[in-house]
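Reading through the structure tokens given below for one structure.
The values are calculated or read from the model by the stated rules, or taken from the named source; none is laboratory data. Values in this document were obtained by computation on a predicted structure and should not be read as measured data. Please note: Cβ atoms are built from the backbone with ideal geometry, for glycine as well, and neighbour counts cover all protein chains shown. Protein only, heavy atoms only, side chains kept; ligands, DNA and RNA dropped before computing areas. Shrake-Rupley method; radii C 1.70, N 1.55, O 1.52, S 1.80 Å.
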Amino acid sequence: MDSSIEKKIYDLIAVKIAGKASAAELRQLELLLSQYPEFRFLNDELSKPAYDTEKALAHAREAYLAHYYSKLYLGLQQEQNQSAKKEPAPMSFRKSRSALKYLSVAASLVVIAALLFLFYQKETNIVAKRDMSEMVTQRGAKSRIILPDGTTVVLNADSKISYNKHFNEPSRNIYLTGEAYFDVAHDISRPFIVHTSKASIKVLGTRFNVRDYPDDVQLATSLIKGKVEVTIKGPAGRTFILKPSDKLIIDKGLIEDTKTMEKAFQLKPVTQLDSVVAETSWVSNKMVYSNKPFPDIIKDLERQFDVSIQLSNEAIKKYRYTGDFEENNIDDILGILQIIKPFNYKTEGKTITIY
């Protein structure tokens, strides 16, 4: 096999398990795996979730070694088939050297396995504490995670979830900072509870989105399917039952004061824009806004593209936007926003100044 093709397969697998592969890259990987099926086992093994650093690294080593021992066997088998067509000859050191060459490559790929795992960690930091497992996405990255019960979590940029190692009993408790989309595995005997800074969301089996970044003034829970119970922490002590397509918005500042907490809650439908649900559009790499203040859009752009954006014009801060944007390129998005409402911007490294 051409070494460049082999490297391409490794690169595509790395991008895939980091959660950064585009649809085109996934199609290219699938095509290469169909052409070179000896890499299929490696892809399948490395795609399995692992939430403990040591276990994940050991799993990567095992997958690479199993893959290369398999290649060794196939290589020797091909040599034997080719030799059988020629005159029989005594066993030579040439074949032994061939075997040693493959074994040497297999051993050296333990190092590559470690590097691949570190690449994966760059996008989603997996921290195994004494009693907790923690998954953290950096700015500019997203990650899809399968929890031990089969629940799927899509973790947005600059977000974190953690759970106790005894997650499966008697209830399934998750602690969230940032934004995540949950597709919860149904289990009526073990409620699934998401804890945020100001509320707890209890479900039995459903799909919903929770957003609670530390610098957001509001906490939002959007229900896509099923039923959830949202309990507010602190003096408010309120409980809300959400139906499909309900969105509960909580003003985090107002619930701290008994005089203002009645004004802290808004229960309204999720935002539909051109048949797209705005609250979960980020899962499919879109940004959908309905009358959204420009400063709030700026926060999203900073997280999704890992940049710092300065608004130096007070008038621009009052802009509001409605629209549907692909998350491919920040310049494309800013260009569209410029067309809708005028402003200028300049880029210096990872800092963008809008004026």
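The residues of the range 199-215 that are in contact (Cβ under 8 Å) with a residue 24 or more places away in the chain and open to solvent by 20 Å² or more (accessible area, probe 1.4 Å), listed by number, are 200, 202, 207, 211, 214, 215. Within the range 248-265, residues that are closer than 16 Å to residue 215 by Cα sit with their Cβ atoms under 9 Å from residues that are among the acidic types (Asp, Glu) and in a loop (DSSP other than H, G, I, E, B), at 6+ positions apart or across chains, in these pairs: 252/216.
Inside the range 212-226, can you point out the residues that are under 14 Å from residue 256 (Cα atoms) and assigned to a strand (DSSP E or B)? Please lay out each step first, then the result.
First, the residues of the range 212-226 that are under 14 Å from residue 256 (Cα atoms): 217-219.
Across the range 212-226, the qualifying residues are 218, 219.
Determine if the range 232-246 includes at least one residue that is open to solvent by less than 40 Å² (accessible area, probe 1.4 Å) and polar (S, T, N, Q). No, the conditions are met nowhere in the range 232-246.
Listed residues 229, 169; which is part of a strand (DSSP E or B), open to solvent by 10 Å² or more (accessible area, probe 1.4 Å), more than 23 Å from residue 281 (Cβ to Cβ) and charged (D, E, K, R)?
Working: 169 fails: part of a strand (DSSP E or B).
Only one candidate qualifies: 229.
Filtered by the rule that a residue be of a type in the set (Phe, Trp, Tyr) and part of a strand (DSSP E or B), the range 264-299 gives 265, 289. Could you look through the range 172-189, keep only residues that are of a type outside the set (A, V, I, L, M) and in a loop (DSSP other than H, G, I, E, B), and pick out the one that is surrounded by the fewest Cβ atoms within 10 Å (Cβ to Cβ)? Residue satisfying both the conditions and the ranking: 189.
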